[in-house]
Structures are given as structure tokens and as C-alpha cells.
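The next block holds one structure in the form of C-alpha cells; read it before the comments.
The values are calculated or read from the model by the stated rules, or taken from the named source; none is laboratory data. Given the structure is predicted, the values throughout are model-derived calculations rather than measurements. So basically every Cβ, Gly included, is an ideal-geometry build from the backbone, and we count neighbours across all protein chains shown.
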Amino acid sequence: MKTKALAALLALTITAASADEWTGQDKTQHAIGGFAIGSLTTAFTKSKTAGCLAGSAVGLVKELSDSRSD
């Protein structure tokens, strides 16, 4: 059930991604990348906390990198 809810949320995020700059294509790519890294980390470590932290860290680093290049 959680997987279906997460997939639905991801689909809604992708659908709404072109609404404005804040939710543009770049943000969608960050979300998908963070989700992928978090999922893989969780699968390998068997720790939801580690997966969440890894996915969040990747997104945070990318956002900081983007903000410095603007």
C-alpha cells in the first residue's frame, strides 16, 4: 500500500512539474534522483533512516550547487 501511495505521489509531482519555476523540470529531476538514491540505500543497508538521509543529502547538495551557479 505504501508503495502505491508513493508511486501516486511521484506521478502527481511529475505531472505538476511544469507549473512554474519552483516546480520545474529541474526540481522533478532532483526529486527522482533523491528517490532513487534513497531507495537504493535503503535496499542495501536495510535502514529506512539511512535511505531517507542519503536521498535528502543528494537533493540538498544539488540544490546548494544550483544556487551557487545562478
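Observations, loosely collected:
- Criterion: surrounded by 14 or more Cβ atoms within 10 Å (Cβ to Cβ) and modelled with pLDDT of 85 or more - qualifying residue of G59, G34: G34
- Count - residues of the stretch 37-56 that are exposed (fewer than 12 other Cβ atoms within 10 Å of the Cβ) and either of a type in the set (S, T, Y) or in contact (Cβ under 8 Å) with a residue 60 or more places away in the chain (or both): 1
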